[in-house]
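The values are calculated or read from the model by the stated rules, or taken from the named source; none is laboratory data. Because the structure is predicted, anything quoted here is derived from the model rather than measured. Positions of Cβ are generated from backbone atoms using ideal geometry, with glycine treated the same way; all protein chains shown enter the neighbour counts. Protein only, heavy atoms only, side chains kept; ligands, DNA and RNA dropped before computing areas. Shrake-Rupley method; radii C 1.70, N 1.55, O 1.52, S 1.80 Å.
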Amino acid sequence: MENSTSRREFIKSSSLIAGGALVSGFPAIRTHKEKTLRIALIGAGKRGAGAAAQALKASKGVKLVALADVFKDQLDSTYASLTKVPGIQDQIDVPEKHKFVGFDAYQKATELADVVLLASPAPFRPEHFRLAIESGKHVFMEKPLASDAPGIRQILATGELATKKGLNVVVGLQNRYDPAYQEMVKRIHDGMIGDLVSASCYYNVGNVNMIPRQEGWTEMEYQLRNWRYFNWLWAGSPAGLQIHNDDVVNWVKGGPPVKVVGNGGRAAFKGPNNGDIYDHFFNEYEYADGFKLNSQIRHINGCWNRGGNFFYGSKGKGDLKDGFKDYKGNLIWKYSGKQENPYQLEHDELFAAINGKRYINDTVWGANSTMACIMGRMAAHSGQLITWDSALASEVSIVPPKLAWDAAPLSVPDEKGEYHVAVPGIDKV
């Protein structure tokens, strides 16, 4: 591009597609003409419960007909909590025979639905998504979309099939559906803070919850109960946490970064049963035009906390919370519109799309933002500069080939109960 205006116009037009706006030229869109849409929740944790409630609130023409999870106690807890949510009780019709438990539960629940809500941990998403789309179901799926590059490639292939079938897909990176973020991104694209120079993202919070190991649990059950402590189940904290903030930067830039270097490690997580994840990261991403994103993550108790994404341009800087200011401190813009719940809006848009309002398929940008976070984990774990092309082409899978209660995960504890943690300069990714 020859000047900043043309660059901004290119990014603006690209982001309309990336943000989920109307795209023409698709095959016949699969709309639903029947009176009631049947939904199945696959992955009945807290986020799954929230997604189900929001789906039911999106339309009175929606009914929950099936639940699936590997843990019966979790499924029962979620079902009980949903039946207490005001305004949706008459939309819940899940008899005991439609409450499926086990690693194959998703198959049985998918059969009963028109729309599936995929909220299990990341490594299950590629297969659950594949089955849903091949079976002709519309999909809402939570982030992250996979734990490694092979999983991301499967997600992308399934997303292409969804397009061919005209099936709607919404990804749970809810900021893209938030009117406040949409206006902020538009202001940036319009040049309000000038030519972009860099961005910083923060996800510094307290420790993630741990469930103590119990007698009789297999290693697989312990890891599934504590999925945030294992890279194969969480995809690492860049994808598990920071993806929301980094995704906004990818949205602004019209695509993912091209390379990354990173640092990270374990400062607080020590001793037996603490999994194999890092508890802090600092990743420096670079985009095709040289733009830099510095992404800082920490989940350790008793530390300074901060969250959000901050942009720096030639005329000013800022974020959504405090607005944009010039470099003399004068306020340029601050969002003054109605504050809405983006978790609800993403479901409102999905069911409006299913009923023919427009076509939505978030798969590409959802997969790209997940892969960018995986790339950051790879850089920190290895101590190497990682490029987008090499990361996406990786054949290394961190997901065990067999998923069953008696199957051994790839990462298991030693005689002291401790797990191997990646060592930069030694471990390969």
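Past 18 Å, Cα to Cα: identify those pairs from Lys46/Lys402; Lys253/Lys292; Lys63/Lys97, in the order given.
Exceeds cut-off: Lys46/Lys402.
Leaving out ligands and nucleic acids, note down the accessible area per residue over the chain with a 1.4 angstrom probe, in whole Å².
With the other protein chains kept in place, the chain gives 43 Å² per residue.
Quote to one decimal, in nm, the extra length available between Glu415 and Lys325 on full extension: 0.36 nm per residue of separation minus the C-alpha distance between them.
Gain on extension, Glu415 to Lys325, equals 26.8 nm.
For the chain, what's the relative contact order in percent, using C-alpha pairs closer than 8 Å and at least 6 residues apart?
21 percent
Straight distance only, please: which aspartates and glutamates reach the Cα of Lys428 with their own Cα at less than 13 Å, same-chain residues fewer than 8 apart left out?
Glu395
What figure in square angstrom, to the nearest 10, would you give for the accessible area of Met210 with a 1.4 Å probe?
Roll a 1.4 Å probe over it and Met210 shows about 60 Å².
Kindly count the pairs of lysines across region 297-400 whose alpha carbons are less than 19 Å apart, treating pairs on different chains or eight or more residues apart as eligible.
Summing the qualifying lysine pairs gives 9.
Tell me the accessible surface of Thr36 in square angstrom (1.4 angstrom probe, heavy atoms of protein chains only), to the nearest ten.
50 Å²
As a test of the formula, what do you get for the chain when each DSSP H run with n ≥ 4 contributes -39,500 (n - 2.57) and the sum is divided by the residue count, at 222 nm and rounded to the nearest 500 deg cm²/dmol?
Value at 222 nm, helices only: -10000 deg cm²/dmol.
Projected onto the charge dipole of the chain (+1 at Lys/Arg Cβ, -1 at Asp/Glu Cβ, origin at the Cα centre), which of Asn361, Ile88, Ile426 gives the Cα projection farthest towards the positive end?
Working it through, the farthest residue towards the positive pole turns out to be Ile88.
When we measure straight from the Cα of Lys270, which lysines land under 21 angstrom away, once same-chain ones fewer than 8 places off are left out?
The reachable lysines, counting only those whose Cα sits under 21 Å from Lys270, are Lys416.
Let me make sure I get this right: for the chain, a, b and c are the square roots of the gyration tensor eigenvalues over alpha carbons, sorted descending. Under 1.5 in a/c it's rounded, otherwise prolate if a/b > b/c, else oblate. Which is it?
Oblate, since a/c reaches 1.5 and b/c is not below a/b.
What does the C-alpha gyration tensor say about the overall shape of region 152-255? Classify as rounded when a/c is under 1.5, otherwise prolate if a/b is larger than b/c, or oblate.
Oblate, because a/c is 1.5 or more while a/b does not exceed b/c.
State the antiparallel share, in %, of DSSP beta bridges confined to the chain, rounding to the nearest 5.
50 percent
Can you classify region 108-158 as rounded, prolate or oblate using the Cα gyration tensor, where a ≥ b ≥ c are the square roots of its eigenvalues, rounded means a/c under 1.5, and otherwise it's prolate if a/b beats b/c and oblate if not?
prolate
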